[in-house]
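Trainee: My structure is below; once you've seen it, I'll send some questions.
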Amino acid sequence: YYNIDIHHALTVARGYSERWMGITTRMMGTLVLFAMALILVLNSDSITPSVAGLCIYYALNLPAGLFWALETFANVEVSMVSFERCHHFIRLPSEKPVKTDVQPK
């Protein structure tokens, strides 16, 4: 049961970190969208409606792209850690064979 408890604890911790990352990226996207809308309203005399719509469209898609980029970076980091572990274990010196009285047939 100990290994199951560790697995569940790690799964819960990963879920919390993913939720935190999602909330953080949504907040950053909301701030960017608010700043973009404020800039567009303040400069409405020099910006055409089509450019303003395009800016708002890209600002709305920013949180999804940011979340995807962060998740991809995290997955690459996890993959590289496992590669580093394999590389480390390959370079370990091998153990001496065990000498016993029983010989294989």
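Trainee: Once phi is turned into θ = phi - 60°, what whole-Hz ³J(HN,Hα) does the Karplus curve with 6.51, -1.76 and 1.60 give for every residue of segment 9-19, x standing for Gly and Pro?
Mentor: My calculation for segment 9-19 gives 5, 5, 5, 5, 5, 5, x, 5, 5, 5, 5 Hz in order.
Trainee: Can you pull a Stokes-Einstein diffusion coefficient for the chain at 10 °C (1.306 mPa s), Rh from Kirkwood over Cα pairs, as a whole number of µm²/s?
Mentor: 84 µm²/s
Trainee: Something else: Enter the accessible area of residue 71 (Å², nearest 10), with the probe set to 1.4 Å and all protein chains included.
Mentor: Rounded to the nearest 10, that gives 70 Å².
Trainee: Can I ask one more? For the chain, modelled as a Gaussian network with Cα springs under 10 Å, which listed residue fluctuates most, 47, 23, 90?
Mentor: 90
Trainee: While we're here: Compare 55, 86 by solvent-accessible area with a 1.4 Å probe and give them largest first, with all protein chains kept in place.
Mentor: Most to least solvent-accessible, the answer reads 86, 55.
Trainee: Right, something else. Given the -39500 (n - 2.57) contribution per DSSP H run of 4+ residues, what per-residue ellipticity at 222 nm results for the chain, rounded to the nearest 500 deg cm²/dmol?
Mentor: About -29500 deg cm²/dmol.
Trainee: What are the ³J(HN,Hα) values, in whole Hz, obtained from phi via the Karplus relation 6.51 cos²θ - 1.76 cosθ + 1.60 with θ = phi - 60°, for each residue of segment 72-81 in sequence order, with x given for Gly and Pro?
Mentor: 5, 4, 5, 5, 5, 4, 5, 5, 5, 5
Trainee: With point charges of +1 on the Cβ of Lys and Arg and -1 on the Cβ of Asp and Glu, referenced to the Cα centre of the chain, which listed residue (17, 49, 79) lies farthest in the positive direction of the dipole?
Mentor: Comparing the listed Cα positions along the dipole, 79 ranks first.
Trainee: Another question, then. May I ask you to evaluate 6.51 cos²θ - 1.76 cosθ + 1.60, the Karplus curve with θ = phi - 60°, for each residue of segment 30-40 and list the ³J(HN,Hα) values in order in whole Hz, giving x for glycine and proline?
Mentor: 5, 5, 5, 5, 5, 5, 5, 5, 5, 5, 5
The values are calculated or read from the model by the stated rules, or taken from the named source; none is laboratory data. Model, not experiment: these values are computed from the prediction. Glycine gets a Cβ as well: all are built from the backbone with ideal geometry, and neighbour counts include every protein chain shown. To get the accessible areas, we keep the full protein, side chains included, count just its heavy atoms, and leave off ligands, DNA and RNA. Shrake-Rupley method; radii C 1.70, N 1.55, O 1.52, S 1.80 Å.
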